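Here is the structure we will look at, set down as structure tokens.
The values are calculated or read from the model by the stated rules, or taken from the named source; none is laboratory data. If you're wondering where the values come from, they're calculated on a predicted model, not measured in any experiment. Note that each Cβ is placed from the backbone with ideal geometry, even for glycine, and that neighbours are counted across all protein chains shown. These accessible areas exclude ligands, DNA and RNA; they are computed on the full protein's heavy atoms, side chains included. Shrake-Rupley method; radii C 1.70, N 1.55, O 1.52, S 1.80 Å.
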Amino acid sequence: MSEDTLFAKIIHGELPADIVFQDELVTAFRDINPVAPTHVLIVPNAAIPTVDDVQPEHELALGRLFSAARQIARDEGIAESGYRLIINCRDHGGQEVFHLHMHLLGGKPLGRMHNPPPPTALV
Ligand code: 5GP
């Protein structure tokens, strides 16, 4: 597993970030390019590249992602209005940074997530 990702550097304090939560298992910081009034990335401190690399020993940290999301949503004042949690995996999932992370998005109505592709032309 690579320890060289941007997010590993943020976790270890080698790159600046607006950290909103950190404990022994996860770190959460504001996305540099937010797409919603609240856009926080919650990452396991262990360098797990993608969801496809998850192992049973990661389960505690991955559960903590959700506990942290709940707490951060409360701290941000969006728990009642609601929010969206997203984890992208690899190319078709749109993953850009290969250190598993959960997006916490909220602070405005986000609409429906599923955007169906255009119908395939009949041949
Ligand atoms: P992905 O597409 O991999 O699920 O999401 C990666 C996210 O990381 C993007 O939303 C992007 O804006 C964010 N990001 C990329 N580089 C940095 C950085 O250096 N600092 C912070 N805080 N966010 C970053």
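Structure values in brief
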read-out: Qualifying GluC sites (Glu not before Pro) in region 1-65, DSSP loop, other Cβ atoms within 10 Å at most 15; value: Glu3, Glu14, Glu24
read-out: Projected-area average for region 1-47 over all orientations - Cα convex hull basis, square nanometres; value: 3.3
read-out: Between region 40-68 and region 73-110, the alpha-carbon center distance in angstrom; value: 14
read-out: Where a label projected 7 Å from the Cα of Gln71 along Cα→Cβ would reach, residues of region 2-43 with amide N under 12 Å; value: 20-28
read-out: Inverse mean reciprocal Cα-Cα distance (Kirkwood Rh) of the chain, Å; value: 15.4
read-out: Carbon/sulfur fraction of accessible area - the chain, other protein chains in place, 1.4 Å, %; value: 54
read-out: Heavy-atom surface of region 6-106, accessible at 1.4 Å and reported per residue (Å²); value: 54
read-out: Chain lengthening between Lys108 and Thr120 when straightened (0.36 nm per residue, less Cα-Cα); value: 1.0 nm
